[in-house]
There are 2 protein chains.
Amino acid sequence: MKFNKILENIKNYEAGKPIELIVREFGVEPKDVLKLASNENPVGTSKMVVQALKKSANKAHLYPDDSMYELKDSLAKKYSIKPKNIIIGSGSDQVIEFVLHAKCSKNSAILVAGTTFSMYEIYAAHIGAKVYKTPSKSHNIDEFMEIYNSKKDEISVIFLCLPNNPLGECLDAKEVFEFIKSIDKDTLVVIDAAYNEFATYKDSKKHISPLEISKLKNTIYLGTFSKLYGLGGMRIGYGVADENIISNLAKLRPPFNVTTHALIAANEVLKDKEFIKKTLENNASEMVRYEKFAKKNGIKFINSYTNFITYIFDDKNSTQICDTLLKQGIILRDLKGYGLNAIRITVGLPKQNKRVLKALKALI
Amino acid sequence: MKFNKILENIKNYEAGKPIELIVREFGVEPKDVLKLASNENPVGTSKMVVQALKKSANKAHLYPDDSMYELKDSLAKKYSIKPKNIIIGSGSDQVIEFVLHAKCSKNSAILVAGTTFSMYEIYAAHIGAKVYKTPSKSHNIDEFMEIYNSKKDEISVIFLCLPNNPLGECLDAKEVFEFIKSIDKDTLVVIDAAYNEFATYKDSKKHISPLEISKLKNTIYLGTFSKLYGLGGMRIGYGVADENIISNLAKLRPPFNVTTHALIAANEVLKDKEFIKKTLENNASEMVRYEKFAKKNGIKFINSYTNFITYIFDDKNSTQICDTLLKQGIILRDLKGYGLNAIRITVGLPKQNKRVLKALKALI
């Protein structure tokens, strides 16, 4: 059986190792496994969500409301936009997929930062679109501008990850909006704001407003419920944009692309102010712990506007460190696959972070 | 903003109306709404699943095990196949999407029955692939063979929906396997078996064995947890095929394409023999009620091997009937959009079916 040639160049995405796999591979007790590899919310699942899920557990046989009326209504109110400015995806990942399929072809290209979220490149490969990367690993808006100007006819989508995963840096909103102004009206700029709430909490200059984005004709804002809102396991995210963009992307949305329970949970967690506050506060204070440790131990790190921190090593090998920690039941994300001798660590709860840093101290 | 030309020809899928929408539109009390439009399991959610979902409600923040180890293991045991013969999708719909993207292009075509599951055509439109339909609405294997032989160079995927949605008829397994034998090794035959458990229960000659399919080099079996297993709201299904087919489709699978809870629920419901038995028994005995009513009232119907029955009307208008019932809170699926003056009714519980037939009796 032959398949489309495009498949020959596609490799599968390597996800963070799930707890179950570590338990199976190394015989670590499940209670002793600590996973700070996938930027899941360490506070857990919102209690309001837990209650709502328990109450609706007996509705698993019922298809979701494919109009997604309630969730769109809640998001519209939250951002002072209209439901027609919103598309819901199975994670914001799926909205990235819609964007690529709607705008790109074998003859077009996307433009991304040197080191950024791998799904942009993966979905581009599904279509055979070319990928241009800036020479700098972090977002450098001048480099974006320069490449865009020289390849304007080819580049149909530009991805800005704000803040950037897996590095953690974040452009100021002001320079982002100035950049967008200079981009052609037929080039779609994607503002991936999966972690933007963390950035905004740390520094209001980093805040990207979905309302402002929705007024532009060539830009889409992506948000997710996987990070701040603690619903990574439920696969739900969204895009906010001008109605023309949303209605075109909606043509590629499969019916029932999110679950009945994901809609319930997402709608519920938006109301849980206490959970959101606790998540942001824990992240901010525990980030300081990681920064202090790095400074004290001569580890380089990138100032992070997210819920993770990236440690960059000089002489020690990041893969060896991760493998050793793995056998102790500590799962972190080695960034060797991104060409970096670095480790991405999700900021956990105080006790979790103490354990990680103690184990790390013994290896460096 | 311009989009790929392909989007100009795409219309959105019209899903069955959710209960919430009826409540909003006609002011019907939620308790009085009866939805038999989407072939959801009328027995409800398995009690074992409800317990498992309640127990895992606090795991919503954790990404799913992307290896899907446990569910693949359970399915492999159930069908005497290997995990590498299985791909899990967000509903079997998503596996259809993978197939189209892996095998088709603007220059190729798919072959389907005259009236069948609309997603084949919808996903083909996403790629711009041509759709050939047999003249007969139901599956006629001679017509499939004839069109295939005359368009062999173009047709890269053939869909057989066994039993067929939305009509209900089902080919015998014997003629299906004979048909597959005469199909080129580079044409992928998709056996959509979403309702096959119901067909098998009614007549063992309709049973398609995933094990037998996995031994072929050019065929894939699609199964779902949405129908017999009562997990429509959780979006989970699967494909079973030769390893070469599965590994190629897997290249197009987005990471975390099903939820943490869907994996738990699917794995759990496979063990709930009582729920499965009750679902099959209710469906078989209540199907007889619908058949008797039709015969007594001169309504044509298609002998159904599924969990729904399709009533075909002569002088009465199916749309008018559906609209009138809708205002009473009864939601059925009008098939006018398929070019049929017919209504598809999901077989419900005795009390539900009595209510539908009483309301219908008053209109015909």
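The values are calculated or read from the model by the stated rules, or taken from the named source; none is laboratory data. Not measured: the values here are computed from a predicted model. So basically every Cβ, Gly included, is an ideal-geometry build from the backbone, and we count neighbours across all protein chains shown.
Filtering the stretch B:230-253 to residues that are closer than 25 Å to residue A:264 by Cα and of a type in the set (A, V, I, L, M) leaves B:231, B:234, B:236.
When the stretch A:166-176 is filtered for residues that are over 20 Å from the mean Cα position of the chain (by Cα) and under 28 Å from residue A:338 (Cα atoms), only A:175 remains.
Taking the criterion of being more than 7 Å from every other protein chain (Cβ to nearest Cβ), surrounded by 24 or more Cβ atoms within 10 Å (Cβ to Cβ) and touching a helix residue (DSSP H, G or I) at 6+ places or on another chain (Cβ under 6 Å), the only residue of the stretch B:37-63 that qualifies is B:46. Here is the figure for the stretch B:226-249: residues that are among the aromatic types (Phe, Trp, Tyr) and closer than 22 Å to residue B:44 by Cβ total 1.
Suppose we filter B:98, B:144, B:159 for residues that are under 30 Å from residue A:39 (Cβ atoms), assigned by TED's automatic domain parsing to the domain that holds residue B:246 and buried (at least 21 other Cβ atoms within 10 Å of the Cβ); which single one remains?
On the way: B:144 fails: under 30 Å from residue A:39 (Cβ atoms); B:159 fails: under 30 Å from residue A:39 (Cβ atoms).
Result of the check over B:98, B:144, B:159: B:98.
Inclusion of residue A:134 among residues that are touching a Gly at 6+ places or on another chain (Cβ under 6 Å) and at pLDDT 95 or above is warranted.
Name the single residue, out of those in the stretch B:8-28 being under 17 Å from residue B:119 (Cβ atoms) and within 8 Å of another protein chain (Cβ to nearest Cβ), that is modelled with the highest pLDDT. Here the answer is B:10.
With respect to residue A:55, determine if the residue is without any contact (Cβ under 8 Å) to a residue 12 or more places away in the chain and of a type outside the set (A, V, I, L, M). Give the derivation first.
Working: without any contact (Cβ under 8 Å) to a residue 12 or more places away in the chain: yes; of a type outside the set (A, V, I, L, M): yes.
When the stated conditions are applied, residue A:55 passes them.
Of the residues making up the stretch A:210-225, those that are free of Cβ contacts under 8 Å to residues at least 60 places away in the same chain and out of contact with any Leu (no Cβ under 8 Å at 6 or more places or on another chain) are A:212, A:213, A:215, A:216, A:217, A:221. Among the residues here, residue A:198 qualifies as assigned by TED's automatic domain parsing to the domain that holds residue A:76, buried (at least 23 other Cβ atoms within 10 Å of the Cβ) and in a helix (DSSP H, G or I). Filtering the stretch B:268-278 for residues that are more than 21 Å from residue B:80 (Cβ to Cβ), among the aliphatic types (A, V, I, L, M) and crowded, with 20+ Cβ neighbours inside 10 Å leaves an empty set.
Considering the stretch A:249-261, and only residues there that are within 23 Å of residue B:126 (Cβ to Cβ) and outside any loop (DSSP other than H, G, I, E, B), the residue that is farthest from the other protein chains (Cβ to nearest Cβ) turns out to be A:249.
Out of B:285, B:318, B:304, B:226, which single residue is of a type in the set (S, T, N, Q), buried (at least 23 other Cβ atoms within 10 Å of the Cβ), outside the structural domain of residue B:101 (by TED's automatic domain parsing) and at pLDDT 95 or above?
Values: B:285 fails: buried (at least 23 other Cβ atoms within 10 Å of the Cβ); B:318 fails: buried (at least 23 other Cβ atoms within 10 Å of the Cβ); B:226 fails: outside the structural domain of residue B:101 (by TED's automatic domain parsing).
The conditions single out B:304.
Identify the single condition in (1) facing another protein chain (nearest Cβ under 10 Å); (2) crowded, with 23+ Cβ neighbours inside 10 Å; (3) in contact with a Leu (Cβ under 7 Å, 6 or more places away or on another chain); (4) small (Gly, Ala, Ser) that residue B:92 does not satisfy, given that it satisfies every other one. If we test residue B:92 against (1) facing another protein chain (nearest Cβ under 10 Å); (2) crowded, with 23+ Cβ neighbours inside 10 Å; (3) in contact with a Leu (Cβ under 7 Å, 6 or more places away or on another chain); (4) small (Gly, Ala, Ser), just (1) comes out false. Taking the stretch A:263-364 as the region of interest, the helices (runs of 4 or more DSSP H) fully inside it that hold 3 or more residues being in contact with a strand residue (DSSP E or B) (Cβ under 9 Å, 6 or more places away or on another chain) and farther than 26 Å from residue A:116 by Cβ are A:350-361.
Within the stretch B:174-195, which residues are surrounded by fewer than 24 Cβ atoms within 10 Å (Cβ to Cβ), of a type outside the set (Phe, Trp, Tyr) and outside any loop (DSSP other than H, G, I, E, B)? Steps first, please.
Step one: of the stretch B:174-195, the residues surrounded by fewer than 24 Cβ atoms within 10 Å (Cβ to Cβ) are B:174-187, B:189.
Now narrow it down to the ones that are of a type outside the set (Phe, Trp, Tyr): B:174-176, B:178, B:180-187, B:189.
Answer for the stretch B:174-195, where residues must be surrounded by fewer than 24 Cβ atoms within 10 Å (Cβ to Cβ), of a type outside the set (Phe, Trp, Tyr) and outside any loop (DSSP other than H, G, I, E, B): B:174, B:175, B:176, B:178, B:180, B:181, B:189.
Take residue B:219 and tell me if it is of a type in the set (Ser, Thr, Tyr) and surrounded by 24 or more Cβ atoms within 10 Å (Cβ to Cβ). Criteria met by residue B:219. Name the residue that is surrounded by the fewest Cβ atoms within 10 Å (Cβ to Cβ), counting only residues in the stretch B:101-118 that are within 14 Å of chain A (Cβ to nearest Cβ) and of a type in the set (S, T, N, Q). My answer is B:107.
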